[in-house]
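Report on the following structure.
Read-outs: derived from the displayed coordinates by stated rules, not from any lab. From a predicted model like this one, the values you see are computed outputs, not experimental measurements. Every residue, glycine as well, gets a Cβ built from its backbone with ideal geometry; the counts of neighbours run over all protein chains shown.
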Amino acid sequence: MSEAAVLQRGGAPPAEWARWRTGAASLLAYGVLIALTVASVYPLVLMGIDSLKGDSQVAVNSAGLPHPWTIASYRSLISHGALRSFGNSLLVAGLTTLGAVFISGLAGYSFGKLRFPGRTLIFACLLGTIMVPIQTALPGFYAEFARFHWIDTYQIQIVPFLAPVFGVFIVRQYLYSVPDEFIEAARLDGASEWRIYWRVIVPVLRPILAALAVLEFLAMWNNYLWPQVMASTQNVAPLAVTLPTYTNSVIGIIPLYGTIMAGNILATVPLVLIFIKYQDLFMRGVAYNAE
Amino acid sequence: MFSIWPDIDSLILSFEQYAGFGPTRPVGLANYRALFDYSAFWTEVGNTLFYWVAHAVIVIPLAFITALLLRSKLIRGSKFWKPLLFLPQVMSVVAVSLVWQTMFSTQYGVVNSVFGTHVAWLTDYDVARWIVVLLLVWQGLGFWFVVFLAGLTAVDPAIIEAAIVDGAGAVRRTFSVIVPLMRRVLLFAVIIDAIGSVSLYTQPNVLLAGSGMANPSVSTLSNLEVGNLESGVFGQSAAAGWLLFVLTIVVTAVVFGGNWLLGGRSSEGNRVIRRKTGAPRVGEGSAGGAGRARP
């Protein structure tokens, strides 16, 4: 909107005044959106720039571009064993996602479409656990798992996350939109329950299982409290746990920011790539919260 | 069941003394009493509530407004803005907290060097708690924005049109028509966000203390639990874990109570909402609720 439009304000006819107002509102809306978007993206950009500066340069030249550009931070990252941590993250998040999607599908189908005694009660108990924070179970889990010597292993990072209640819940909700006749027809044709599940239900569930998979992977990749307490040794710890520990071994507590930034890139870029590829799945998964 | 047993186990542990090995000894309520007598416990409960309220009152309205803007005719290309605003959600939480640490560091931080200031953003605890809040807002915005956008898409356009025909302006349309219709989604958002906030742990610790634990004056109740667990005081750790659950219930009850208090005045709107959102995945295009939505 130009100055001319502002000057006209006084004597402008109503239609023009309305158009001016809409224009100003639109401008303001774009301003807000641009500000929010810049804020959203800036930390990622800063991460990328800082990862190419080297440890000491991040401190003295925090806001500017790298001078000189260097990949020293990435070398240092590898020497800190970050590739192992990255592999651990990938392994744990990948296996858990596969298992959780498989179990959510089966359990959601059982709760949604099969009749068995106590179905509603068991489901209600399960839903109740959504309210319970993971912290409540943490000491109990720790005490139990210590007995089977599972502390600092891969399985302790995977097994407890294999049955996500949220997943079971959304699969069950989704199945309400599938008419029972659909399943009955298959049953009349003499298909076994197992066959019905794979041939009839899974194809229907595909979009929701895919959405669940990306969200589960994201959640597992971001897990911090659990592995920090249960699996913090370098061998099995995920990147999220090892990243903040990259400190100067001589001075001790001073973080090696260049190295950490390179690690941040390693921790963030895979997710951002998955996001770019499967954007709609993320959005759809999140949007289920609105129903 | 697999997911309930460890909770029960923690409950039993919370009435016992256990060092992680050897026998357990029942101690009654001593663990709880010890926590209540510990001043840091109350500070951390206060911080937990502070982080929840302070970020929720910003992020929920801001996400809602952003979603409204994107739905409105003022903005074009919502396909372009949506993923960019959602981006913080797909960034590793630990990585982001560490980046924020460099942005707000006192001596070498980006913010201080750009503005030529020397504010102790992260080490002055009265300031640091607000930086944590800012981080939570920054992270949560994209998530709730997408949820609200999905909710707004489900609002029957016929209702909005009816309001326009009735001569309701944009502001009035938002508060008298859209907000009541979105009530269930908003309530759900506030509750889920609250439940998540009570168990906040990663952001204050990584942002303010890297791999260590943040000072009790800025940390949450989870820190007390984890700290006790790591020093082998299982009973008190389990007691803190259960108190965290109790706090979750209290917070949820407060939200429901608040909703009930506000809801007394607009039962008409509620009825429409139940009709519109009660049945899943239908209702787009049906003009059934249009007549009723009039304030």
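Going by alpha carbons, how many degrees (0 to 90, nearest 10) lie between the helix axis of B:267-277 and the longest principal axis of chain B?
90
If each residue of separation counts as 0.36 nm, what is the full-extension length gain between A:S192 and A:A35 once their alpha-carbon separation is subtracted?
Residue separation times 0.36 nm, minus the Cα-Cα distance, leaves 50.9 nm.
From the alpha carbon gyration tensor of the stretch B:144-223, can you work out the equivalent ellipsoid semi-axes (sqrt of 5 times each eigenvalue) and give them in Å, largest to smallest?
41, 11, 10
Check A:T247: other-chain or 5+ apart residues with amide H under 5 Å from its amide H, H built from backbone geometry?
Excluding prolines and chain starts, which carry no amide H, the hits are A:L256.
Using R₀ = 25 Å, calculate the FRET efficiency as 1/(1 + (r/R₀)^6) where r is the Cβ-Cβ separation of B:L261 and B:I58; round to 0.05.
0.70
Rounded to the nearest 0.05, what FRET efficiency do B:D37 and B:K73 have when you use their Cβ-Cβ distance and R0 = 51 Å?
So, using R0 = 51 Å, E works out to roughly 0.30.
In which sequence would A:I260, A:I49, B:I249 go, from the one with the fewest C-beta neighbours within 10 Å to the one with the most?
B:I249, A:I49, A:I260
Give me the number: length gained by fully extending A:A146 to A:A185, i.e. 0.36 nm times residue separation minus the C-alpha to C-alpha distance, one decimal in nm.
9.1 nm
Along the Cα-to-Cβ line of B:E161, 7 Å from the Cα, sits a label point; which residues in the stretch B:44-82 have backbone N less than 18 Å from it?
Correct set: B:72-73.
Find the Cα radius of gyration of chain B, compare it with 2.2 N^0.38 Å by division, and give the number to two decimals.
The reported ratio for this selection is 1.21.
Given 0.36 nm per residue, what is the gain on full extension from A:V269 to A:I254 after removing their alpha carbon distance, in nm?
The span from A:V269 to A:I254 would gain 2.9 nm if fully extended.
Roughly how tilted is helix B:39-71, in degrees to the nearest 10 and between 0 and 90, from the longest Cα axis of chain B?
For B:39-71 against chain B, the angle is about 20 degrees.
Would you order A:L188, A:L175 from fewest to most other beta-carbon atoms within 10 Å of each residue's own beta-carbon?
A:L188, A:L175
Taking the square root of 5 times each eigenvalue of the Cα gyration tensor, what semi-axes in Å does the equivalent ellipsoid of the stretch A:82-245 have, largest first?
34, 18, 13
Which of rounded, prolate, oblate describes the protein assembly as shown, given a ≥ b ≥ c as roots of the alpha-carbon gyration tensor eigenvalues and a/c under 1.5 marking rounded, otherwise prolate only if a/b is larger than b/c?
Judged from the Cα gyration tensor, the protein assembly as shown comes out oblate (a/c at least 1.5, b/c at or above a/b).
What are the residues whose amide H is under 5 Å from the amide H of B:E16, where those residues sit 5 or more places off or on another chain and H is modelled from the backbone?
It is B:V27, by chain and number.
Expressed as an acute angle from 0 to 90° and rounded to the nearest 10, what is the orientation of the C-alpha long axis of helix B:221-230 relative to the principal long axis of chain B?
So the inclination is approximately 40 degrees.
With runs of 4+ DSSP H residues as the only contributors, calculate the mean residue ellipticity of chain B at 222 nm using -39,500 (n - 2.57) per run, divided by the residue total and rounded to the nearest 500.
-21000 deg cm²/dmol
Round to the nearest 0.05 the FRET efficiency obtained for A:R206 and B:H118 when R0 = 51 Å and r is the Cβ-Cβ distance.
FRET efficiency, A:R206 to B:H118: 0.35.
Rank these for me by crowding, B:F115, B:F145, going from fewest to most other beta carbons within 10 Å.
Going from sparsest to densest Cβ surroundings: B:F115, B:F145.
Per residue of the stretch A:266-279, in order, report the coupling 6.51 cos²θ - 1.76 cosθ + 1.60 (Karplus, θ = phi - 60°) as ³J(HN,Hα) in whole Hz, putting x for Gly and Pro.
4, 7, 9, 4, x, 5, 5, 5, 4, 5, 4, 5, 10, 2
Shape of chain A from its Cα gyration tensor (a ≥ b ≥ c, root eigenvalues): rounded if a/c is under 1.5, otherwise prolate when a/b > b/c, or oblate?
oblate
If I take the Cα coordinates of the stretch A:46-160 and project them onto the principal axes, what are the three extents in Å, biggest first?
69, 34, 24
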